[in-house]
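Worksheet for the structure shown next.
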Amino acid sequence: MPISELKLSKELIRRPSVTPKDAGAINLLAKNLRSLGFKCKIINFKNIKNLYAKLGRSSPNFCYAGHTDVVPPGNMNDWSVNPFKPTVKNNKLIGRGANDMKASIACFVAAVSRFKTKNKKFKGSISLLITGDEEGIAINGTKRVVEYLKRKKEKIDFCLVGEPTNQNKLGEMMKIGRRGSITGYLAVYGTQGHVAYPHDANNPAPVITKILNQIENLKLDKGTKNFQPSNLEIVKMNIENTADNVIPAEATATFNIRFNNKHSSSSLKRKFNNIFRKTCKKSKCFFKISYMVSGEAFITVPNKTTKMIQNTIKKITKIKPKLSTTGGTSDARFIRKIAPCIEFGLVGKTMHKIDESVPVSDLKKLTNIYLNILENYFK
Ligand SMILES: [Zn+2]
C-alpha cells in the first residue's frame, strides 16, 4: 500500500514540533521511511534531531531536503481549528506546517512509495536530509548535517529543497538560487559632556546619522538577469540616554543587506568599513563593527536536471515555473556547498500565519510532480 500524503501530513502536524522542539516528528518520519526500505541515521547535535535517510547505495543520489520544525502558532484562539489537530475544511488541510513544510515532506515520501512499487530495481539512490532546526537559529541543523556528510564523504548528486516556493498557484515558481544576507552591528563612540559645553564633548549622534545616510544612499548594483538589485535596510538605531542635557558617548545602529552574486560578504564588509573609517576619522570618533553572515548569494546554473524539473512541473500544473532567486534565505545555502540545489514546494501564501492551510488537491499534484521528477531523474 503506498503511503498517503494527506494521512502522513496530518500525522506530522499532530506532533507539535515548534522550533527547536522535535515532539516525535523525526522518529515518525524515520518509521515511515524504514517501512519503505530506507536506512535511517538520526543525527543529534545538541538538543536538535536531524535525519539522513537513504534508499539504495549506488549513484546518482537524488536528495530531498526539508525541515520538520514549525514556527509557533501565535494566539491559539485566533485559529479556526487547533493548529496541532489537523482538519480538512472546504477541501483544505489546516494546521501548523501545512505548507511550511510538513505536508511537502509527506508528498515526497508518498511519491517515493509509489516510485518504489513501479521501479523495484532502479539504478541510483534516493535520500532525505531532514532537520528539526530551520525556523530557529539553524546552527545545529542542516549546516552541521552537511559538515557531517562531507566528513563521511557522502555524495549527493542533486538536491531538491521542498520549501514553499509558489506565491499564489502551484507551479508558478521554482528557486534556483538565493540572495545572500549579512547584518551589521555598528557602534560609534564620541565623548560624553554637557549640551551647553559642546566643545568639551564629541557627539556621536550626528556622525552615525551621516554614516547611515551614506550607506542608505549607496547604489550597490542594478541587479542581474537572475537577481534583483541588492538592498540595504536600516533596522535599528539607538542612543541610550536618560538625560536631555547630556551629549551621549555612544550611538548604535543595525542594518541588514540582502545581496546578489555581484557581491560577497567580504567585499561588502570592506566597502562598509571604509565608509565607517573615513567618516569617523573626520569627526574624531571611534567605531566598532561586527557582522553576522547568514549566507552568501548563490545560483545553480540551469542544467539538464533543472530543465527536466521545470518541464515536469509544467506538464502537471500547466504552468511554466519562473526560475527565481527571490525571498529570504533557506537551507539551500548550506546544501549548495555539497550539491547543486533547486527548491520547489507548495504555495506559501499562508505560511507562518494563523490558519496555515493547503488545498488537498495541491497535495495530490505535488506528490505527482515529485513522483514524475524521480521517474525522469532515474530514467
Ligand atoms: Zn520552511
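The values are calculated or read from the model by the stated rules, or taken from the named source; none is laboratory data. What you see is a predicted model; the values in this text were computed from it and never measured. Quick reminder, even Gly has a Cβ in these numbers, built from the backbone with ideal geometry, and neighbours come from all protein chains shown. Heavy atoms of the whole protein, side chains included, go into the accessibility calculation; ligands, DNA and RNA do not. Shrake-Rupley method; radii C 1.70, N 1.55, O 1.52, S 1.80 Å.
What to note about this one:
- Burial ranking of peptide ranges 232-240, 102-110 (average Cβ count within 10 Å, highest at the top): 102-110, 232-240
- Solvent-accessible area of K54 with every protein chain in place, 1.4 Å probe, in Å² to the nearest 10: 40
- Cβ crowding within 10 Å averaged over residues, with 285-291, 2-8 ranked highest first: 2-8, 285-291
- Max mean-square fluctuation residue, GNM over the chain, Cα-Cα springs under 10 Å, options N217, N44, N311: N217
- With kT/(6 pi eta Rh) evaluated at 37 °C and eta = 0.692 mPa s, and Rh the Kirkwood radius from Cα pairs, the chain diffuses with a coefficient of 145 µm²/s according to Stokes-Einstein.
- Under 17 Å from K155, Cα to Cα: aspartates and glutamates that are on another chain or at least 8 residues apart: E147
- Cα-based convex hull volume of the stretch 114-229 per residue, rounded to whole Å³: 243
- Amide H contacts under 5 Å for T350, placed H, 5+ residues apart: S357
- P(r) of the stretch 185-232 over all Cα-Cα pairs, binned every 10 Å from zero, in whole percent: 22, 32, 22, 14, 8, 2
- Average Cα contact separation per residue, the stretch 237-307, under 8 Å, 6 or more apart, as relative contact order %: 29
- For the stretch 241-312 versus the stretch 33-48, the inter-centroid distance based on Cα atoms is 37 Å.
- Accessible carbon and sulfur surface of the stretch 1-125 relative to its total accessible area, %, 1.4 Å: 52
- Here the stretch 178-215 is scanned for amide nitrogen atoms under 11 Å from the site 7 Å beyond the Cα of S294 along Cα-to-Cβ, giving 179-183.
- Violating pairs (Cα-Cα greater than 25 angstrom) within the set K41/K379; K102/K353; K175/K225: K41/K379
- Once the 1.4 Å probe is applied to the protein heavy atoms, the chain comes out at 48 Å² accessible per residue.
- Surface accessible to a 1.4 Å probe, H199 within the full protein complex, Å²: 140
- Partners of K116 within straight-line reach, counting aspartates and glutamates whose Cα lies under 13 Å from its Cα and excluding those fewer than 8 residues away in the same chain: E375.
- Taking 16 Å as the straight-line reach from the Cα of K364, the aspartates and glutamates in range (excluding those fewer than 8 positions away in the same chain) are E5.
- T117 contributes an accessible area of around 90 Å² to the protein surface, as traced by a 1.4 Å probe with all chains present.
- Built from the Cα atoms of the stretch 1-72, the convex hull projects on average onto 5.5 nm², one quarter of its surface area.
- Protein-only accessible surface order, largest first, of Y185, Y377 at 1.4 Å: Y185, Y377
- Most simply put, the chain has about 75% antiparallel DSSP beta bridges, counting only bridges with both residues inside it.
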